[in-house]
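Peer 1: Sharing a structure, written as structure tokens. Questions coming.
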Amino acid sequence: NHDIAIVNVMGDFEVNDNGCPDKHDHHYNLTRSCLELKEKYHFTKDGVHLFITSNGELYQAFCDMTTDGGGWTLIASVHENNILGKCTTGDRWSSQQGGNASSPAGDRSWSNFATFGCTEGATSDDLKNPGYYDIKASDISIWHVPNDTPLSSWKDAAILRYHTKTNFLQQYGGNLYQLFHQYPVEYNKGKCPDDNGPLSHITYDFGSDEKIQQLYGPLSHNEFEPGYVQFRVFNNEKAALAMCSGVKYNGCNSEHVCIGGGGYFPEASPRQCGDFTAFDWNGVGTHQSWSASKEVTEAAVLIFYR
Ligand code: 3S6
Ligand code: CA
Ligand code: CA
């Protein structure tokens, strides 16, 4: 099992030589991110900590303090609770209102201040904490973790882990909230591939280009290049998708690979609407034709900033 540090919410501790928080009569000032916690207080163990936003809102978040030197804050997870539910309850990163051209941006979670879920539940439901919009970051890290994995096992159980090291977020306002204001996740706001959004090269922490091919359907292999993460892409029918995890999407059937999205997917509407979009196009978890593997369909996508 991965070694996890537990810290009480009063922040009443100091860090010992092993990077473990010790109970002590010292106090520390709350920080805005895991990176700040690492740099100011020299935390070196993964664990859940208390943070404060610039407006004074308190929230807890998981810190990955070990990958590539640590300092990664978990700010969101995209979880598919029912791949057969088409923009129904639980599709918070697309639409819970049904697929409909009259709500082209769906629930707007990528670009608003709504928060939901909780840290320990990140593999059992969607998560979005205030760090999503409050933290100013340079890079992202992504873990695909099997649904319902307990927090202490996330890192070991992940089927894919990677991070960017290009500082790409700095160019787009320092977080995804800002990025998606520049590149709205909204149906009919652009077309494929000319209006597809920013991308970054990735470095694998667990996984490979070959692993990416195993996760997504064989027909989609002709349409993407592994080794990247890309944001706000359109498909053939001008539906908007938020994030393509592990790939640069060159083709226009991105609905079988990319996740999150607006509130309307015209092709066979509402069959492509949902947090994991049309991963099930040729059956659930079949890895046939356009369908993604069972492995990736049943894993939550955890998003970290640093
Ligand atoms: C290589 C097969 C393409 O098949 C088409 O793509 C087919 O007509 C559609 O059902 C399908 C979808 O658009 C895939 O996204
Ligand atoms: Ca969901
Ligand atoms: Ca299509």
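The values are calculated or read from the model by the stated rules, or taken from the named source; none is laboratory data. Just so you know, these numbers come straight off a predicted model, no measurement behind them. Note: ideal-geometry Cβ built from the backbone for every residue, glycine included; neighbour counts use all protein chains shown. Accessible surface is based on the protein model in full, side chains and every heavy atom, while ligands, DNA and RNA are left aside. Shrake-Rupley method; radii C 1.70, N 1.55, O 1.52, S 1.80 Å.
Peer 1: May I ask you to evaluate 6.51 cos²θ - 1.76 cosθ + 1.60, the Karplus curve with θ = phi - 60°, for each residue of segment 32-48 and list the ³J(HN,Hα) values in order in whole Hz, giving x for glycine and proline?
Peer 2: Whole-Hz 3J(HN,Hα) from phi for segment 32-48: 9, 7, 5, 5, 5, 5, 5, 6, 7, 10, 6, 5, 10, 9, 5, x, 9.
Peer 1: Follow-up question, since we're still on this one. Ordered by residue, what ³J(HN,Hα) values in Hz, to whole numbers, does segment 65-74 give under the Karplus form 6.51 cos²θ - 1.76 cosθ + 1.60, where θ = phi - 60° and Gly and Pro are x?
Peer 2: After applying 6.51 cos²θ - 1.76 cosθ + 1.60, I find 9, 10, 5, 6, x, x, x, 9, 9, 6 Hz.
Peer 1: Let me have the 222 nm mean residue ellipticity of the chain computed from DSSP H runs of 4+ only, each contributing -39500 (n - 2.57), with the sum over all residues rounded to the nearest 500. It would help to have the intermediate numbers written out before the result.
Peer 2: Working: 6 runs with 34 residues, N = 306.
My calculation for the chain gives -2500 deg cm²/dmol from helical runs alone.
Peer 1: Based on Cβ point charges of +1 for Lys and Arg and -1 for Asp and Glu, what charge dipole magnitude is obtained for the chain about its Cα centre, in debye rounded to the nearest 20? It would help to have the intermediate numbers written out before the result.
Peer 2: Values: 22 positive and 37 negative charges, 140 e Å.
It works out to roughly 680 debye.
Peer 1: Can you tell me, using C-alpha contacts under 8 Å and at least 6 residues apart, the relative contact order of segment 104-179 as a whole percent? Write down the numbers at each step before the final one.
Peer 2: Numbers: 106 pairs, mean separation 24.1, N = 76.
Relative contact order of segment 104-179: 32 percent.
Peer 1: Based on the mean of other Cβ atoms within 10 Å per residue, sort peptides 150-159, 269-278, 252-261 so the most packed one is first.
Peer 2: On the way: 150-159: 17.0, 269-278: 25.3, 252-261: 26.9.
Averaged packing, sorted descending, gives the order 252-261, 269-278, 150-159.
Peer 1: Here is a follow-up. Based only on the alpha carbon positions, what is the Kirkwood hydrodynamic radius of segment 4-305, in angstrom? Write down the numbers at each step before the final one.
Peer 2: On the way: mean 1/r = 0.0521 Å⁻¹.
Here the Kirkwood hydrodynamic radius works out to 19.2 Å.
Peer 1: If you don't mind, there's one more thing I want to ask. Name the lysines eligible as straight-distance cross-link partners of residue 86: C-alpha to C-alpha under 22 Å, and not fewer than 8 places from it in the same chain.
Peer 2: 128, 189, 238, 294
Peer 1: Quick one: Karplus J couplings for segment 119-125, per residue in order, coefficients 6.51, -1.76, 1.60, θ = phi - 60°, nearest Hz, x for Gly and Pro?
Peer 2: Per-residue couplings from phi come out as 4, 5, x, 4, 9, 10, 6 Hz.
Peer 1: Considering the convex hull of the alpha carbon atoms of segment 132-197, report its projected area averaged over all viewing directions, in nm², one decimal.
Peer 2: On the way: hull surface 25.2 nm².
With every direction weighted equally, the projected area is 6.3 nm².
Peer 1: Taking the full set of protein chains and a 1.4 angstrom probe, give the accessible area of residue 298 in square angstrom, rounded to the nearest 10.
Peer 2: Only protein atoms counted, so the area is about 80 Å².
Peer 1: Can you spot the aspartates and glutamates whose alpha carbon is less than 15 Å from residue 155's alpha carbon? Ignore those fewer than 8 places along the same chain.
Peer 2: Within reach: 3, 46, 64, 68, 120, 205.
Peer 1: With every protein chain kept in the model, how would you rank 191, 248 by accessible area, 1.4 Å probe, largest at the top? Please report the intermediate quantities before stating the final value.
Peer 2: On the way: 191 110, 248 55 Å².
These residues rank, largest area first, as 191, 248.
Peer 1: Under 5 Å between amide H atoms, partner at least 5 residues away or on a different chain: which partners does residue 31 have, H built in plane at 1.01 Å?
Peer 2: Here the answer is 52, since their amide H atoms fall under 5 Å of that of residue 31.
Peer 1: Amide H neighbours of residue 293 under 5 Å, at least 5 residues apart or on other chains, H built in the peptide plane: list them.
Peer 2: Amide H neighbours of residue 293, under 5 Å, 5+ apart: 216, 217, 287.
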